[in-house]
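Peer 1: Here it is, the structure in full.
Any read-out appearing in this document is the output of simple, stated calculations on the displayed coordinates, not a laboratory observation. None of these values were measured; they are calculated from a predicted model. Cβ placement follows ideal geometry from the backbone for every residue including glycine, while neighbour counts extend to all protein chains displayed.
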Amino acid sequence: MSKYDLYSASLITGTILGLLGLFYHFQQHPGAGDILGTALLISLYWFIMGLAGVLRSGHLSPAAKVLWVAAFLIVSWLAGVVWYFREIRPRQREEKQEHNGSKEG
């Protein structure tokens, strides 16, 4: 499993657990805090990886990097999803094509 696959898996898992924990919290179930804490820890991975990807990006201008960092800090989930479709998903496809090409060659 590559770091790109881990990014998407943590984004999906953290979101689902967060929504489930929020639902349990509204229903006042005793384990809601544990679920929300787990969702936060899982979401921390894609948050840090997204910020690192923005800051390491060679094709973004400094102004664009500032805007991306602000987006991750203000609307983190939305920025994480947009970053996935803009940067992570194309790299996943390239990695899979290279992997499939090396098997055939």
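Peer 1: Which value, in debye to the nearest 20, gives the size of the charge dipole of the chain about its Cα centre, when Lys and Arg are +1 and Asp and Glu are -1 at the Cβ?
Peer 2: Roughly 240 debye for the chain.
Peer 1: Read through the labelled values (1) 91; (2) 189; (3) 101 and report the label of the one computed as volume of the Cα convex hull per residue in Å³ from the structure.
Peer 2: (3)
Peer 1: At what distance in nm do the modelled label points of THR38 and ILE16 sit from each other, each positioned 7 Å from its Cα along Cα→Cβ?
Peer 2: Label at THR38, label at ILE16, 1.2 nm between them.
Peer 1: Defining a contact as two alpha carbons under 8 Å apart and six or more residues distant in sequence, what relative contact order in percent does the chain show?
Peer 2: 28 percent
Peer 1: Mean residue ellipticity at 222 nm from the helices of the chain, using -39,500 (n - 2.57) per DSSP H segment of n ≥ 4 over the full residue count, to the nearest 500 deg cm²/dmol?
Peer 2: -27500 deg cm²/dmol
Peer 1: Just how far, in whole angstrom, is region 17-37 from region 79-99 if you go by their alpha carbon centroids?
Peer 2: Computed from Cα coordinates, the inter-centre distance equals 31 Å.
Peer 1: Per-residue counts of other Cβ atoms within 10 Å, averaged by peptide: what ranking do you get for 5-14, 88-97, highest first?
Peer 2: In descending order of packing, they fall as 5-14, 88-97.
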